[in-house]
Amino acid sequence: MSDQSNGHPDLSRRSMLLGGSAAAITAAFTGPITAMANTIDQGYNASCSPADASALVTSPYGPTAPVNDMVTGLPLIELPAGFSYKSYGWRGDIMSDGLPTPGNHDGMGVVVSRRVGRSNEIILVRNHEQSTSTNAANIIGGSRSNVAKYDTGLTGSDYQIGGNTNLVFRDGNWAESYATFGGIYRPCAGGASSWGSWLSNEEIGSNAISSEGKKHGYIFEIPADTSLNAANVNPIRDMGRMAHEASALDPDTGYWYLTEDAGNANTLYRFLPNNINGGLGSLHEGGRLQGLAVRGRPGADLRFPTLCQEFQCDWVEIADPDADRASMSTSVGTVTGSGPFRGAYANGGAIFGANEGCWVANGVVFFTDKATSSATSSLPARAGVIWALDLSTLVLKAIFVSRDRVVGNSPDNICVSPRGGLLFNEDGGNSSPTSQPIPSQDLKVLTPAGNSYIFARNNYNFTRAQLDAVGKTGATTGNQRNTEWAGSVFSPDGRVLFVNIYTGVTLAITGPWTKGSL
Amino acid sequence: MKKPLLSLAVAAALLAAMPAHAISFNGVMGGDSEFRDFSTDGLLSFDIDFSSLAPMTLNYTIDAADLIGGSLSFNALLANFLGNAGFEGLSFSLSTGTFGNLGTVTPQFGAVSAINFNGSNASVNFSQPEFLDVAIGNSLNDGGVNWSINGLNAGDSLSITVAAVPEPETYALLLSGLGMVGWLSRRRRPQAVAA
């Protein structure tokens, strides 16, 4: 049942997969950006030091300090000298379509980057990881027929109020935002296609059926411009029904890599579309879902690796990606496994703690396991691991292993910059044990040697009066410094980092990126 | 009243029938950054993506049709692709003609502290360095005001040189690098042998 080949199709398909926005990007931005794109992948897989755990090192960008937002004047975050940012799309802000901006800003991606005349325009899709409400009015786009919605029925006594908004960043300024999808449960990390769309992934393990006959735990596709193509309300069933996190496309093959956030009951998944040429709706044509397995070690427990530890892996088939979740006995105990995990485990699939962010760059799948750091109970349970799977060899390597929340605090969403630097978004806690107090969640950078440094810190701590004074009457108050970062993604030209403070605000950051490794 | 109107109509018809004459782009001298020319009748217009600090000189030939209003309009979009340095300022110099009115300068993240011009030279300084783009005039068609260049004649060859001025620390790095090159060069120079 295992697949020991990497299964790469004809690489000429890459040009077809890049035929959408990526080709437009290349055509619009040549020279400087092409040079940066050629440096993707700094070789994390080759230069990791075989130590027991990662360490926090000094940032090449220098220390961080509070920096005022250029829009509101509030010091939302700490940044190194030389960096500045503009906020947009605060929770409660009225969007271009007249609807209020939903909260719980999570995964986000650039789906289009293009020149319009001489203007430089970027379209992003943002997840709002909202769960449920007893009030149907809270369904995103619920009052608008032109906003596609998957499920407006009741599950028990609740409506599903997660969904998506699209944002436009034009010529260095935020231009507009609007609701694009609703009626789903907690879209978390998600992932961008190369043809101008976004995969919005429900994070829920459930067999419940709504009053409209809908199940949840699926992936949906959101186009960049929903005035031309409304989001497809049908889920991509073959990508599985589970507590989805991220989905990352390998443009060389057309295959997708998926993570699941299910404690001690998840693995890394690979989706092989029937139509690997890509394009809007192509994933709805179905495909095969597979799980990762360690060769010769069925059900391998990968929750507690040491830094640089390697595993030779294979892919195993998943018979029914839409199967119900159920209790199951595994090598790490009795768990409730999703249909995809049960299918993978039955064929030898490996076990991770709780996988989160995922990104493919230059033939390597990078993904995080937020939940695990050590089998020793005296060490923090959510310090985190970052893995790298070399798609040419199927060797899996632990390239970051935190034993201390100061070093890595539950790495969640990740992205790789166009210059090859890996940035991770922390979503951890501040309870002991830690080597130092943890005043905030950070954006941290992974070094090629497997260490981390701080790029930015959450500094959100404002009163109602402070927020009202700058027109943010719907914004969350209080000390939110230990609220997670999410949705980090660079503009294709590498000059702007877009990122969310989960509390409910989106930022565009720019500065001297090449002083460090981002 | 009919005669002037008729004359205007005839003049307009003649202008429409004339072959297109307008500012013509003759290439770049110096600089290795990417550029795109958008010049049209009466408007000198280009984008430069600065990937190095080498000044860019763009060469044009002016036609009578460019000077119907008396002066040549100018706009540009100047992008920062230096990676490690912000634009502390920008400088412009003309081979012929002089800057007339300086219109708008719109940095996307930076802030303008001063705009100066003196004859054929103009400069812009930023109080907060710019890491993205700077719109000179109405290059983005967003209500900006184009600059003007006076004192030109049909047939003139016009060269405009644009330079990005980096932050002082970048200069320091550049100078220390040049110093190191000079020092190494001296070390490698063969010693004179005494007779």
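Descriptive notes on the structure:
- Number of positions in segment B:139-155 that are under 16 Å from B:LEU77 (Cα atoms) and in a strand (DSSP E or B): 2
- Filtered residues of segment A:254-290 (kept if more than 22 Å from A:GLY107 (Cβ to Cβ) and in contact with a helix residue (DSSP H, G or I) (Cβ under 8 Å, 6 or more places away or on another chain)): A:ASN274, A:ASN275, A:ILE276, A:ASN277, A:GLY286, A:ARG288, A:GLN290
- Helices (runs of 4 or more DSSP H) within segment A:19-79 that include 2 or more residues away from every other protein chain (no Cβ under 14 Å) and at pLDDT below 95: A:21-28, A:44-47
- Residue in segment B:109-123 that is more than 14 Å from chain A (Cβ to nearest Cβ), under 15 Å from B:PHE46 (Cα atoms), among the hydroxyl-bearing types (Ser, Thr, Tyr) and part of a strand (DSSP E or B) present: no
- The residue that is nearest to the chain's Cα centre (by Cα), counting only those in segment A:142-166 that are assigned to a strand (DSSP E or B) and surrounded by fewer than 23 Cβ atoms within 10 Å (Cβ to Cβ), is A:LYS149.
- Options A:GLY478, A:GLY474, A:GLY450; residue that is at positive phi and either within 14 Å of chain B (Cβ to nearest Cβ) or modelled with pLDDT of 95 or more (or both): A:GLY478
- Matching residues, segment B:124-138, being under 12 Å from the mean Cα position of the chain (by Cα) and either away from chain A (no Cβ under 14 Å) or part of a loop (DSSP other than H, G, I, E, B) (or both): B:VAL124, B:GLY137
- Against the conditions (1) more than 14 Å from chain B (Cβ to nearest Cβ); (2) out of contact with any strand residue (DSSP E or B) (no Cβ under 8 Å at 6 or more places or on another chain), A:ILE501 satisfies every one except (2).
- Scanning segment A:102-142 for residues that are under 16 Å from A:THR152 (Cα atoms), hydrophobic (A, V, I, L, M, F, W, C) and touching a residue at least 24 places away in the same chain (Cβ under 8 Å) yields a total of 2.
- Among the residues listed as B:LEU184, B:LEU173, the single one being modelled with pLDDT under 95, part of a helix (DSSP H, G or I) and either within 14 Å of chain A (Cβ to nearest Cβ) or surrounded by 20 or more Cβ atoms within 10 Å (Cβ to Cβ) (or both): B:LEU173
- Matching option when the condition is within 16 Å of A:HIS244 (Cβ to Cβ) and small (Gly, Ala, Ser), among A:ALA319, A:ALA323, A:ALA350, A:ALA388: A:ALA323
- Selection count, segment A:311-368, where residues are closer than 23 Å to A:GLY254 by Cβ and part of a helix (DSSP H, G or I): 3
- Residues within segment B:139-154 that are aliphatic (A, V, I, L, M), over 20 Å from B:THR57 (Cβ atoms) and more than 10 Å from chain A (Cβ to nearest Cβ), tallied: 2
- Some residue of segment A:228-243 being assigned to a strand (DSSP E or B) and either among the hydroxyl-bearing types (Ser, Thr, Tyr) or at pLDDT 95 or above (or both): yes
- Residues being within 24 Å of the chain's Cα centre (by Cα) and part of a loop (DSSP other than H, G, I, E, B) - total across segment A:286-305: 5
- The set of residues from segment B:21-40 being surrounded by fewer than 15 Cβ atoms within 10 Å (Cβ to Cβ) and outside any strand (DSSP E or B) comprises B:HIS21, B:GLY30, B:ASP32.
- Residue in segment B:47-103 that is surrounded by the most Cβ atoms within 10 Å (Cβ to Cβ), counting only those that are more than 14 Å from chain A (Cβ to nearest Cβ) and within 22 Å of A:GLY82 (Cβ to Cβ): B:LEU90
The values are calculated or read from the model by the stated rules, or taken from the named source; none is laboratory data. Computed from a predicted model, the values in this text were never measured in an experiment. A quick note on method: Cβ atoms are made from the backbone with ideal geometry, for glycine too, and the neighbour counts reach across all protein chains shown.
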